[in-house]
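FYI, it's all coordinate maths here, none of it is from the lab. Being a predicted model, the structure only gives us computed values, none of them experimental. Note that each Cβ is placed from the backbone with ideal geometry, even for glycine, and that neighbours are counted across all protein chains shown.
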Amino acid sequence: MGPATILVRSRRGGDPVVFMLTEAGIGLVTNSLLSDSRRFGMPIHVTRRKILADRSLEAAVAAITDVERAQSANYLLGSADGRAVDVEARPEDTALLEPEDSVLTHANHFRRLADDRQDLGQGIYPDSARRDTRLRFLLSERAGNIDAAFCQACLADHAEHPHSICRHVS
């Protein structure tokens, strides 16, 4: 085992305990994007697994951009050296989003791949852009001084409820 190898113990509710042996490397957050195109290609869950096995941000981005993708998805990637990038992916193209003032967010709508293709997510998540803008605003206020507790507070934000970041049932 190398110096970046970690053992993770996880348990949800009454589920069995799960142990995972993994290596610290690329951080990954994915979220749903829905376009009107699909094709035979690499499934999202296989892409996610490939990303988590990669050791560099560049290799993780290539795991998304250098394959034929089956459907749309969003991938927010971070590396241990502090770099981050977001990849919006449709079967036919990708777009990279870089941090703005040290902040990078994404919700369930296309931000860069907006063209004549219908963003089906806008119909399902009409408040997606509003939630993304709100999160970017909150994080920008503390850019350079963001910790896990502040991220949790942002994700629990109820401004503009029921169209808030936190959308739990009241």
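A few comments on the model shown:
- Annotation: amide H-H contacts under 5 Å for VAL103 (H modelled 1.01 Å from N, sequence separation of 5 or more, or interchain): none.
- Relative contact order of segment 71-143: 24 percent, from C-alpha pairs under 8 Å at least 6 residues apart in sequence.
- Debye equation applied to the C-alpha atoms of the chain, log10 I(q)/I(0) at 0.08 Å⁻¹: -0.28
- In this label model, HIS161 and LEU28 are separated by 3.4 nm, measuring between points 7 Å along each Cα→Cβ vector.
- Pairwise FRET efficiency - ASP93 versus LEU21, Cβ, R0 = 35 Å, nearest 0.05: 0.45
- Annotation for segment 1-92: trypsin sites (Lys or Arg not before Pro) lying in DSSP loop with at most 16 further Cβ atoms inside 10 Å of their Cβ are ARG11, ARG12, ARG38, ARG39, ARG55, ARG83.
- For the pair SER102 and ARG142, label points projected 7 Å from Cα toward Cβ lie 1.3 nm apart.
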